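Presented below is the structure to which this report refers.
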Amino acid sequence: MIRERLFCIFVLLSVLLTANADSRQHVVKPGDTLYSLSKRYGVTVEDIQAANPSIEGTNIPAGMTLVIPDENEVSKKKDKKRSIFFNFKKRDKNKDKVAEEMVEQPVAENKVEEEKPKPDPRLRQKKPGAPDNIAVILPFNLEAQTSTDDKLQMRSVEFYEGLLMAVNEAQQNGQRVLIQTYDLGTKSIEEILATKSLLDADFIVAPMDAKDVLRVAEFGKNNNVAVVSPFAFNLELSALNPNLIQLNTSKSQLYDYVSDDVVKRFDDYEFVFLNDQNFADKSDPYASHLKNALKEKNKTFHEFAYTNPETLVSVDSLLNIAGRNILYIPVANSRDVLRRMFPCLKCTTFETEADSANLGQTAILGYPEWVLYANDFMDYYYDMNVYLFSKFYINPFDEKVKTFYKNFRYWYAKEPMSLTPRYAMLGYDIGRYFLAAVKTYGMNFVPYIEGFAQETLQSMMNFKPEGEGLINRGLYLVHFTPSTQIEKHEIK
């Protein structure tokens, strides 16, 4: 059950430095300058420039690794230079008196105080000592009256519960985190966006409703605050908003990403599209996308239409591809299609004993919906070498997944809702990924997360530019092997 007060979790933040006897290393973060680093490490700007010949002027881009000379070593070198300088003066016969005075009096260095650079107005500056800050805007609506509101409330609460687990994990790893929580069930989006503390957020987790996401995204754009949208997707909005990060993508783009990977992965296979005429009106658009991708690569494919699934007994012979590697792609993705197709296809193609040495490899390419059918067809998935693609997949045999469920039961004394995706794990993945991004790059992390890798349990994340914003191109190709293993291949 969600708490009615804000959850604030604070922990000491550790600063890790790699050092050797004479120098240290510093990974440049957004907002760092040579002046600020010189003050931080007790050396001059010139010392840092001398230790890093690759620096051009005062330009130190974020992500660059600098060698920071040890202040004691720098001091020794300066003392040595002074000693040489004094001895040279003492040998000047025409200026003995001056030389003696210089030996008696310490030499004052002529330091020119460097003007402190002004911060980039496009970058926000975190207050010293401030924790990493998440703002969550969701329809918690604890007094929901309708079934629709009740569903939104349950999903919001469970997403938030998973997010809290990610915060707890970050806390245990030394990251200080503050969560601002806003309930759309008790306040309007306008009231929430007028809250001053929202400007301190490192990122905002946007609400489920597309209209509310539009308003929050506009707020993020105007105030340079990152907005993470795990639920709603708007391609046009992404084109104009550099601070919007969307976990989803359009089906058309998703199909294109999968097709490119599948064509490469099964390059030495014959592609066979199976069309059950009883479900011809339920064809999935992905089949057309894959056919177009094959045409673009000048790769041939076969189509086999059937009304009676028993004709699948001889499909490879009828198409004259017996003995070759074959990838079967059902054109429709419904549960009833699988019930009709799997028994015959398995019986003829995957259990033939005769001339087994001459048989090629066979596999089936499925759809995201097949995740929902796993309990009914799991044995077929293994036996028939099934691959399916999906943005979300949880391997139930993964030890980290088991640990997550164990911790969730301990924290909340209940099981996560049996939905796809699992909202609790979605919240956990979002929290884990973006807290790691903030810890690595600071509050101005958005320009740096393209390709940023962080292990997640359910959601593959690989953000790429779409217009000015970012969308998630990450996908899984899940493989159920005949040896009863589940493999998750990342499609990037």
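Quick notes on this structure:
- Out of Phe231, Phe203, Phe279, Phe219, sole residue that is closer than 30 Å to Gly366 by Cα and touching a strand residue (DSSP E or B) at 6+ places or on another chain (Cβ under 8 Å): Phe279
- Qualifying residue in segment 309-319 (condition: outside any helix (DSSP H, G or I), open to solvent by less than 80 Å² (accessible area, probe 1.4 Å) and either out of contact with any His (no Cβ under 9 Å at 6 or more places or on another chain) or over 19 Å from Ala363 (Cα atoms) (or both)): no
- For segment 270-280, the count of residues that are touching a residue at least 40 places away in the same chain (Cβ under 8 Å), within 30 Å of Leu214 (Cα to Cα) and open to solvent by less than 40 Å² (accessible area, probe 1.4 Å) is zero.
- Some residue of segment 156-179 being open to solvent by less than 10 Å² (accessible area, probe 1.4 Å), assigned to a strand (DSSP E or B) and in contact with a Cys (Cβ under 9 Å, 6 or more places away or on another chain): yes
- Conditions (1) closer than 28 Å to Asp336 by Cβ; (2) surrounded by fewer than 21 Cβ atoms within 10 Å (Cβ to Cβ); (3) not β-branched (Val, Ile, Thr): number failed by Asp260: (1)
- Applying the set (1) of a type outside the set (Lys, Arg); (2) in contact (Cβ under 8 Å) with a residue 12 or more places away in the chain; (3) open to solvent by 20 Å² or more (accessible area, probe 1.4 Å) to Ala413 leaves exactly one unmet item: (2).
- Looking at Ser75, Ser38, Ser83, just one residue is within 23 Å of Gln125 (Cβ to Cβ) and modelled with pLDDT under 80, and that residue is Ser38.
- Only one of the numbered conditions (1) assigned to a helix (DSSP H, G or I); (2) closer than 20 Å to Thr456 by Cβ; (3) in contact with a helix residue (DSSP H, G or I) (Cβ under 9 Å, 6 or more places away or on another chain) is not met by Ile134, and that is (1).
- Against the list (1) among the aliphatic types (A, V, I, L, M); (2) at pLDDT below 95; (3) over 13 Å from Phe389 (Cα atoms), the condition Leu254 fails is (3).
- Candidates are the residues of segment 209-257 that are without any contact (Cβ under 8 Å) to a residue 60 or more places away in the chain, more than 21 Å from Tyr433 (Cα to Cα) and hydrophobic (A, V, I, L, M, F, W, C); the one that is surrounded by the fewest Cβ atoms within 10 Å (Cβ to Cβ) is Ala210.
- Any hit, segment 185-196, residues being in contact with a strand residue (DSSP E or B) (Cβ under 7 Å, 6 or more places away or on another chain), within 21 Å of Val438 (Cα to Cα) and open to solvent by less than 20 Å² (accessible area, probe 1.4 Å): no
- Apart from one condition, Glu109 fits all of (1) at pLDDT 85 or above; (2) out of contact with any Leu (no Cβ under 6 Å at 6 or more places or on another chain); (3) surrounded by fewer than 20 Cβ atoms within 10 Å (Cβ to Cβ); the exception is (1).
- Residues in segment 320-332 that are surrounded by 16 or more Cβ atoms within 10 Å (Cβ to Cβ) and modelled with pLDDT under 90: 1 in all.
- Among residues that are open to solvent by less than 60 Å² (accessible area, probe 1.4 Å), modelled with pLDDT under 95, of a type in the set (Asp, Glu) and out of contact with any helix residue (DSSP H, G or I) (no Cβ under 6 Å at 6 or more places or on another chain), Asp200 is not included.
- Consider segment 281-303 and keep the residues that are of a type in the set (A, V, I, L, M, F, W, C) and in contact with a Ser or Thr (Cβ under 8 Å, 6 or more places away or on another chain). The one that is surrounded by the most Cβ atoms within 10 Å (Cβ to Cβ) is Leu290.
- Failed condition for Gly427, given (1) under 24 Å from Pro396 (Cα atoms); (2) open to solvent by 20 Å² or more (accessible area, probe 1.4 Å); (3) outside any loop (DSSP other than H, G, I, E, B): (2)
- Looking only at segment 438-492, residues that are of a type in the set (Ser, Thr, Tyr) and either open to solvent by less than 60 Å² (accessible area, probe 1.4 Å) or under 21 Å from Asn223 (Cβ atoms) (or both) come to 6 in all.
The values are calculated or read from the model by the stated rules, or taken from the named source; none is laboratory data. Note that the structure is predicted; figures quoted are calculated from it, not measured. Every residue, glycine among them, receives a Cβ derived from its backbone with ideal geometry; neighbour counts consider all protein chains shown. Only protein heavy atoms, including side chains, enter the accessible area calculation; ligands, DNA and RNA are left aside. Shrake-Rupley method; radii C 1.70, N 1.55, O 1.52, S 1.80 Å.
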